[in-house]
Amino acid sequence: MTGAAPGPSTVSVGLVYPELLGTYGDRGNAVVLVDRLRWRGIPAELVEVHVREPLPEQLDLYVLGGGEDAAQLVALDELRPQAGHLRAALDRGAPVFSVCAGFQLLGSSISLVGRTEPVDGLGLYEGHTAPTGSRWVGEAVVATDLPGVGEVCGFENHGASTRLGAGEQPFGPVVLPAGEPRSDGVHRGRLIGTYLHGPVLVRNPALADHLLSLVVGDLGPVEDDLAVRLHDTRMAVARSGGLRQTDPGARRR
Ligand code: GLN
């Protein structure tokens, strides 16, 4: 299931806890992964994994989205005993793609706005998430070093930020908005985490195809003019500095 090896007959894309990690439309990431395979004639299915259901160990790709602090902590408690399933999935080459709260909970520890005591994360990468005192809200662009992907645009909305351990690589530096240098997310083998919503895989078809190629090998071309137009439009909005807002008064999202 790695590299250019023949893909499985039906590619299963797992959407983890959409009822808890679905506040920001990140479900669209899983939907577009399935769609982009089907558009190419590759059979694919969306597997929704709900709270209190066991997290399947054999899916081809796992997607976690963002959520409010309270929902995020429930998701973390439910996932903690099943962290080994995600670790095993990564070990056999299944990508795990995570956004914001979903990304935060995969790290070493988390403390959220209004909660001083950090709690253990799932420990899939070394990184500590803590409140920054202000809220990051708005369009952002991250420069990834993924071949054929490059700059990725999305919308961030978070009150906590993640400091990676010394051995970890970020998803990439934040190139927009310009300002104090900072990086976004994590990129560790087939684990990718980012703060970007959008949904980010809808806005950035090249990133979606990169993830899919890790599962099925080389992907043929596909008619996706609308997705490309969306990407170009949102990039232009980010470059024009549009829709930035800092909201230090906002709490608990
Ligand atoms: N609640 C977390 C934070 O504000 C994550 C928010 C999100 O997923 N957008 O940092």
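The values are calculated or read from the model by the stated rules, or taken from the named source; none is laboratory data. What you are looking at is a predicted structure, and each value in this text was computed from that prediction instead of being measured. So basically every Cβ, Gly included, is an ideal-geometry build from the backbone, and we count neighbours across all protein chains shown. Note: accessible area is taken over every heavy atom of the protein model, side chains too, but ligands, DNA and RNA are not part of it. Shrake-Rupley method; radii C 1.70, N 1.55, O 1.52, S 1.80 Å.
List of remarks:
- Odd one out for Ala88, checked against (1) among the hydrophobic types (A, V, I, L, M, F, W, C); (2) open to solvent by 20 Å² or more (accessible area, probe 1.4 Å); (3) within 13 Å of the ligand (Cβ to nearest atom); (4) under 23 Å from Pro170 (Cα atoms): (3)
Conditions (1) surrounded by 15 or more Cβ atoms within 10 Å (Cβ to Cβ); (2) in contact (Cβ under 8 Å) with a residue 12 or more places away in the chain; (3) part of a strand (DSSP E or B); (4) within 16 Å of the ligand (Cβ to nearest atom), marked per residue:
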site: Leu146; (1), (2), (3), (4): yes, yes, no, no
site: Val149; (1), (2), (3), (4): yes, yes, no, no
site: Glu156; (1), (2), (3), (4): yes, yes, yes, yes
site: Gly159; (1), (2), (3), (4): yes, yes, yes, yes
site: Thr162; (1), (2), (3), (4): yes, yes, yes, yes
site: Gln169; (1), (2), (3), (4): no, yes, no, no
site: Pro173; (1), (2), (3), (4): no, yes, yes, no
site: Glu180; (1), (2), (3), (4): no, no, no, no
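- Criterion violated by Trp136 - all others in (1) at negative phi; (2) open to solvent by less than 60 Å² (accessible area, probe 1.4 Å) satisfied: (2)
- One residue from Val99, Val142 being within 16 Å of the ligand (Cβ to nearest atom), farther than 25 Å from Gln58 by Cβ, touching a Ser or Thr at 6+ places or on another chain (Cβ under 9 Å) and not aromatic (Phe, Trp, Tyr): Val142
- Qualifying residues in segment 19-64 (those that are within 16 Å of the ligand (Cβ to nearest atom) and not in a loop (DSSP other than H, G, I, E, B)) - the one most open to solvent (accessible area, probe 1.4 Å): Arg27
- Exactly one residue among Asp232, Asp184 is acidic (Asp, Glu) and touching a Leu at 6+ places or on another chain (Cβ under 9 Å), and that residue is Asp184.
- The number of residues in segment 65-81 being open to solvent by 30 Å² or more (accessible area, probe 1.4 Å) and either in a loop (DSSP other than H, G, I, E, B) or in contact (Cβ under 8 Å) with a residue 24 or more places away in the chain (or both) comes to 6.
- Residue in segment 116-138 that is among the hydroxyl-bearing types (Ser, Thr, Tyr), within 16 Å of the ligand (Cβ to nearest atom) and under 17 Å from the mean Cα position of the chain (by Cα) present: yes
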